[in-house]
Amino acid sequence: MADGTLYLVDGSGYIFRAFHALPPMASLDGTPVNAVFGFTNMITKLLADAGSDRLAVIFDAARVNFRNDIYPDYKAHRPPAPEELVPQFALIREATRALNVPCIEMEGYEADDLIAAYAAAEIAEGGKVVIISSDKDLMQLVRPGVTMLDPMKNRHIAEPEVFEKFGVTPDKVVDVQALCGDSVDNVPGVPGIGPKTAAELINLYGSVENLLEHLGEIKQPKRRETLENNRELALISKQLVSLKADMPLPAPLTDFEKRMPDTAVLRPFLERMNFRSLVGKVDRGELGKTVGGRPGSAISAAGAPDLFPAAVEAPKVAAPAIAQTYELVTDLATLDKWIAAAMQAGVVAVDTETTGLDASAADLIGVSMSVAPGLACYIPLGHRSQGGLLAEAPPKQIAMQEAVDRLRPLLADEGVLKVGHNLKYDMVILARHDLTVAPYDDTLLMSYVLDGARNGHGMDELSDLHLGHKTITYEEVCGKGKTQISFAEVPLDRALAYAAEDADVTLRLHSLFKRRLIEEKQVQLYERTERPIVSVVALMEDTGIRVEPDVLRRLSHDFGTRAVEMEKKVHELAGRAFNLGSPKQLGELLFGELGIKHGGKTGKTDNYSTASDVLEPLAAEYPIVRAVLDWRQITKLKSTYTDALLTQINSRTGRVHTSFGLAGTSTGRFSSSDPNLQNIPTRTEEGRKIRSAFVAPEGSKIVSVDYSQIELRLLAEIADIAALKQAFADGIDIHALTASQVFGVPLDQMDKDTRRKAKAINFGIIYGMSAFGLAANINVSQSEASSFIKAYFERYPGIKAFMDARKEEARTFGYVETLFGRRCFVPGIADKNPARRNFAERQAINAPIQGTAADIMKRALGRMPQALAEAKLNAKLMVTVHDELLFEVPEAEIETTIAVARRVMEGAHDGKVSVPLVAEAGIGNSWAEAH
DNA sequence: AACGTCACG
DNA sequence: GACGTACGTGACGTTT
């Protein structure tokens, strides 16, 4: 059968070596690709080499395999792959497919095992094998007909080279390795026996087993004793290092005939990777061929039957209507087929269906997956029978646990990119089934990075907008209002149509957005700032924060009785009863009946304004106004906080789980809802009592770490104001400095009120203030405010230049950019209406500052879990409030946690900010104490 | 659903 | 000189 040498490439081994050996390189979008380049180059040479007739690349399918069953710590000390390497795992598989080379991997086996199996099969056929690898673990395979080739040094490895390395012939390599162990793979070996001694012993006794039988003959007493005491370890080690060649071959040897890559597939890939020399080769006809070699053929070579021959070519046809091939998965064989298809595709869109919108309370009902455009499946897992009392039998579906166990390796496979739309939600759901998702892309965040506030990012909207396809809506499937049913009650055919379509659309959007991110130079922002936070925030939401219901109940009661008293008092002072909660009635009473001079009317309804900034100046003179404001404060606290939070405590966890909005704001900030934990009171004494209900469990404390004046620091940086930058570098009180500059008061004679006004000016600058606004804020005349602003601009002329530049930027591009390249769209910047235009201009001034602060917080957040894990800390992230992170920390770890958190936060700008960023920490039993 | 108000950074 | 008056959020109660 064999008609020439078989080349087996150790893809997994190669990628690590190439990564460390080659200088950094980047693709068009900035993704590191040095290992991908080395790989592509090497395969290219093999394809050109007339001596190689058959070729396959073999990868590790997952980290955990049968060796972990024998010895749980196997490869346990492996550090996580470097950040620059991670994206290259998927790309190297993409490269293999683009090169039209069979790509082999198999769940539960390492690449080395598969190589051993194929080498054995080929030798049995009488053929010859060259293993492209320098991995010493593969040297045991060297024998007549099997050699190795070190791809980096271009050095052949045959029996003499193996003997040089191990001091034994290849057939005894496993015995030597078993004795001396391997610190890299965490193979224990026998303590105190190194490579030299091991070789000596094995050359004497032939094998580990024979050595153990003849321990009595060992002369050195110490050596004899350790061998005696570590018999088991030696035998286990031998099992660990012995390659397992007896699995069924995922693809027959005959599939490995060398084929030339299709230039229509290869060239775009090389272009994207920015491998110009190779593109040149293609163009000169030295690489690939333009006809035949259909791109999907690698899929069939990888072992599974060619599942969907038509669909693989579907994307080439630009049909406006979406062809849909959707399959319901109700048995394990079909599920396995789809999992295999996902593995081979290297990218799969995933979507979960649940009982509700609140991820912390919803249950999993089903999972949909899409592996190619138009090709998707739905796996029902928690569907119930229909028809209420006269229920039929529940529909046939795979048992939850079985499906979950099948999906686990796929979702965790580092070579398969999982794509979701709002994956944070799915991650929270899946986490409760012990499922982790990595690596991943999120089309919600891709869309957000690309289009910000220009459009919404719901899937229905995006499908219509970008694909011209109207999706089935949730309402169409489940109904709405009172008659709405749970997804668990949806008939399976309807569920399939809806759920599979969601996965399908997600995958299509993904390829579209991926291209746009590259073209619009937003890849860095997406990959470094946005994408990493998805799993972190999912974990935060899942963690939640403990809230003490008794504290809230006490406060609710207290606020309630006081509100009743205050309302009574207001009614007495008014001389009649009315609805105090109605601004309309209140305004008519105060400014109509009682004749108090009013501050102004509200915008649309032409009512008197009763807002607190209108009422506050009147409170000293009119007791009723004071009473109204007091009542307002107390009822606000009760209805919005103490009452509402009580209903939000999750009965399963006893904690409150907010939902963070990752793609809603115009500046890049998060939002928080259901409940909003970003506006828990802190400014007043009464309000702060609510924070005392947020507590840490016994043995832990709440730690709050927040950025000190980050927006002012970023203003100094972005507007490049030397004096302000210097002040921050020197640690000078920035508000006092502004006071001395604007009001001429020397720093050492600063009084509190002057400083307070200066602080308002500093904040006003960030918001693009007017003299009117400043005057209202610090209670001075408009002309005084005007002169303060004038003085400020004279002292810091760069500020004015910065503001003008941002307005100009917004007019030219329609958006302003943060330091990290986030685009904040500013609608209305060219509006004819000056009010709307002025508003847009203020947004243009504020957005780069607020947005850059948000970028920095996101980067800190994205790195925090790993930083904590590396320091072996158990602190849990719970909440982020724009410039603050809240942790729950075991008491013994508080100091170290604070040090790590501060280091990560202060360094999150990655050198992009020259002004020092400072993070400060507070500790307490409750959020009130920690803040 | 829109509005006014008010809690936070 | 017009226009309205400090940026970004979410939740509640009232009114339409």
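Averaging the Cα positions of each part gives two centres, and for region A:705-740 and region A:800-825 these lie 21 Å apart. Of the residues A:Phe793, A:Phe802, A:Phe163, ranked by 1.4 Å probe accessible area with the largest first, the sequence reads A:Phe163, A:Phe793, A:Phe802. Close amide H contacts of A:Tyr440 (hydrogens built in the peptide plane, cut-off under 5 Å, sequence separation of 5 or more or a different chain): A:Lys418. Here's how it looks for A:Tyr815: its modeled amide H is under 5 Å from those of A:Val826, which are all 5 or more places away or on a different chain. Counting only protein heavy atoms and a 1.4 Å probe, chain A has 44 square angstrom of accessible area per residue. In order along region A:413-428, the phi-based Karplus estimate (6.51 cos²θ - 1.76 cosθ + 1.60, θ = phi - 60°) of 3J(HN,Hα) comes to 5, 5, x, 10, 7, 9, 10, x, 10, 6, 4, 3, 4, 4, 5, 5 Hz; Gly and Pro are listed as x. Here the contact order of region A:711-849, divided by its residue count and restricted to Cα pairs under 8 Å and six or more residues apart, works out to 22 percent. Please determine, in degrees from 0 to 90 and to the nearest 10, the orientation of helix A:263-273 with respect to the longest principal axis defined by the Cα atoms of chain A, where the helix direction is its Cα long axis. The helix A:263-273 is inclined about 50 degrees to chain A. Using Cα centres only, tell me the gap between region A:107-162 and region A:900-924 in whole Å. Each part's Cα centre sits 50 Å from the other's. Annotation: amide H-H contacts under 5 Å for A:His469 (H modelled 1.01 Å from N, sequence separation of 5 or more, or interchain): A:Asp464.
On the basis of the beta-carbon distance and an R0 of 56 Å, A:Ala722 and A:Leu357 show a calculated FRET efficiency of 0.65. Going by a ≥ b ≥ c, the root eigenvalues of the Cα gyration tensor, does region A:12-135 fall in the rounded group (a/c under 1.5), the prolate group (a/b larger than b/c) or the oblate group? Oblate, because a/c is 1.5 or more while a/b does not exceed b/c. Karplus-based coupling profile of region A:857-870, in residue order and whole Hz: 4, 5, 5, 5, 4, x, 9, 4, x, 5, 4, 5, 5, 5, with θ = phi - 60° in 6.51 cos²θ - 1.76 cosθ + 1.60 and x standing for Gly or Pro.
For region A:242-287, the Kirkwood estimate of hydrodynamic radius, built from reciprocal distances between every pair of different alpha carbons, is 13.2 Å. Exposure check, 1.4 Å probe, all protein chains in place: A:Thr642 carries approximately 0 Å² of accessible surface. The mean sequence separation of alpha-carbon pairs under 8 Å and at least six residues apart, normalised by the residue count of region A:309-520, gives a relative contact order of 26 percent. Among A:Leu407, A:Ala723, A:Gln484, which residue has its Cα furthest toward the positive end of the charge dipole of chain A, with +1 on Lys/Arg Cβ and -1 on Asp/Glu Cβ? Looking along the dipole axis, the top candidate is A:Ala723.
If the only charges are +1 at each Lys and Arg Cβ and -1 at each Asp and Glu Cβ, what is the size of the charge dipole of region A:560-707 around the Cα centre, to the nearest 20 debye? Dipole of region A:560-707, to the nearest 20 debye: 300 debye.
Rounded to the nearest 20, the size of the Cβ-charge dipole of region A:309-520 about its Cα centre is 140 debye, with Lys and Arg at +1 and Asp and Glu at -1. For the Cα trace of chain A, dividing Rg by the Kirkwood Rh returns an Rg/Rh value of 1.03.
Computed over chain A, relative contact order equals 9 percent, with contacts defined as Cα pairs under 8 Å that lie 6+ residues apart.
When the charge dipole of region A:309-520 is built from unit charges on Cβ atoms (+1 for Lys and Arg, -1 for Asp and Glu) and taken about the Cα centre, the candidate among A:Ala497, A:His433, A:Pro373 whose Cα reaches farthest toward its positive end is A:Pro373.
In the calculated pair-distance distribution of region A:309-520, the portion above 33 angstrom amounts to 11 percent of the Cα-Cα pairs.
Among A:745-756, A:87-98, the peptide with the highest mean count of other Cβ atoms within 10 Å heads the list, and the full ranking is A:87-98, A:745-756.
Between A:Ala830, A:Val57, A:Gly773, the Cα set farthest toward the positive side of the dipole of chain A (charges on each charged residue's Cβ, about the Cα centre) is that of A:Gly773.
Surface composition of region A:711-849: carbon plus sulfur atoms hold 52% of the accessible area, using a 1.4 angstrom probe and ignoring ligands, DNA and RNA.
For the residue pairs A:Lys604/A:Lys759; A:Lys597/A:Lys636; A:Lys196/A:Lys872; A:Lys244/A:Lys514; A:Lys244/A:Lys876, the alpha carbons lie more than 31 Å apart in A:Lys604/A:Lys759; A:Lys196/A:Lys872; A:Lys244/A:Lys514; A:Lys244/A:Lys876. Report note on the peptides A:451-457, A:708-714: ranked by the mean count of other C-beta atoms within 10 Å, highest first, their order is A:708-714, A:451-457.
Whole-Hz Karplus values for region A:677-683 come out as 9, 9, 10, 5, x, 8, 7 Hz, taken residue by residue from phi with 6.51 cos²θ - 1.76 cosθ + 1.60 and θ = phi - 60°; glycine and proline positions read x. Charged side chains reduced to their Cβ positions (Lys and Arg at +1, Asp and Glu at -1) give region A:711-849 a dipole of some 440 debye around its Cα centre. With respect to chain A, whose longest principal axis is taken over its alpha-carbon atoms, helix A:782-795 is tilted by about 40°.
Within chain A, DSSP assigns beta bridges of which about 65% are antiparallel (rounded to the nearest 5). Principal-axis analysis of the Cα atoms of chain A puts helix A:400-412 at an angle of about 80° to the longest axis. The heavy atoms of A:Thr5 offer some 30 square angstrom of accessible surface to a 1.4 angstrom probe.
The values are calculated or read from the model by the stated rules, or taken from the named source; none is laboratory data. All values derive from a computational prediction rather than experimental measurement. Neighbour counts run over all protein chains shown; Cβ positions are idealised from the backbone, glycine included. Ligands, DNA and RNA are excluded from the accessible area calculation, which covers all protein heavy atoms including side chains. Shrake-Rupley method; radii C 1.70, N 1.55, O 1.52, S 1.80 Å.
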